[in-house]
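Input: a single structure, listed below in structure tokens.
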Amino acid sequence: MSRADELNVEQLLAAMSADLRRHLQQAGIDHPLMIGIHTGGVWVARRLHHALGLEEPLGTLNISFYRDDFSRIGVHPQVTPSTLPVTVENRHIILVDDVLQTGRTVRAALNEIFDYGRPASVTLAVLVDLPGRELPFEAAVSGTHLELEPGQQIKLEGPEPLRLAIRGRAA
């Protein structure tokens with residue numbers, strides 16, 4: 001059994017929602033706007049949004065055109081538009097993604113958010129936090145910190161049920 005099989009996504013989400021609630025309370029944030037990064041981040045954000053009982057509609061970002069690694073990953077053939085149902089100007093944002101590793105996805109998401117306006121703050125919440133940062137981002141809330149063997153990748157599969165899968169072999 002792999003470590004991903006041992007990770008219960010439902011338990012991770014429950015812990016994340018409790019940590020987020022605590023974080024928001026300590027920061028004095030009453031009405032945050034939650035935004036999920038397409039695709040896995042949106043799946044996680046939907047669950048957190050519901051668990052926290054947030055009033056504002058959930059926003060979604062597709063950062064495909066903001067990526068700086070087109071030459072390496074190519075353009076995704078099914079690019080969907082971003083949806084930010086309310087203004088981000090002066091809002092406290094909870095930015096949600098499934099996996100944080102290099103920080104490049106977060107950078108692209110922030111670039112897009114700032115194209116819509118200047119938020120008061122951005123809190124990053126991720127399901128899985130991996131080592132390997134290339135950019136200086138840190139999640140305020142994470143479901144788990146995980147280290148993979150060389151050559152392995154983790155992927156959130158879903159949307160129902162949500163399941164973490166490790167792919168690749170150790171070198």
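Residue order for Arg118, Arg163, fewest other beta carbons within 10 angstrom first, comes to Arg118, Arg163.
Short-range pairs are left out: with C-alpha atoms under 8 Å and at least six residues apart, the relative contact order of the chain is 24 percent. Here Glu147 and Glu55 are evaluated by their C-beta separation; at R0 = 25 Å the FRET efficiency comes out at 0.10.
Using +1 at the Cβ of each Lys and Arg and -1 at the Cβ of each Asp and Glu in the chain, identify which of Pro150, Ile113, Ile37 lies farthest towards the dipole's positive end. The Cα lying farthest towards the positive end belongs to Pro150.
Annotation: the residues Ile94, Ile154, Ile35, Ile113, sorted from fewest to most other C-beta atoms within 10 Å of their own C-beta, follow the order Ile154, Ile113, Ile94, Ile35.
For the chain, adding -39500 (n - 2.57) for each run of n ≥ 4 DSSP H residues and dividing by the number of residues yields -9500 deg cm²/dmol at 222 nm.
Classified by the C-alpha gyration tensor, the stretch 131-171 has an oblate form. Its axis ratio a/c, with a ≥ b ≥ c, is 1.5 or above, and a/b does not exceed b/c.
Taking the Cα centre of the chain as reference, the dipole from Cβ charges on Lys and Arg (+1) and Asp and Glu (-1) amounts to some 200 debye. Going by neighbour counts of Cβ atoms within 10 Å, the residues Asp98, Asp129, Asp19, Asp30 line up, fewest first, as Asp30, Asp19, Asp129, Asp98. The longest part of the chain holding none of the exposed loop GluC sites (Glu not before Pro), meaning those outside H, G, I, E and B in DSSP with at most 10 other Cβ atoms within 10 Å, is 1-54. Reported to two decimal places, what Rg/Rh ratio describes the chain when computed on Cα atoms with Rh from the Kirkwood expression? That ratio is 0.95, to two decimals. Beta-bridge orientation, the chain: approximately 25 percent antiparallel, per DSSP, counting only bridges with both partners inside.
Read-outs throughout are calculated quantities, based only on the coordinates presented, and are distinct from any laboratory measurement. This structure is a prediction, so every number in the text was calculated from the model and none was measured. Here Cβ is always computed from backbone atoms with ideal geometry, including for glycine, and neighbour counts include all displayed protein chains.
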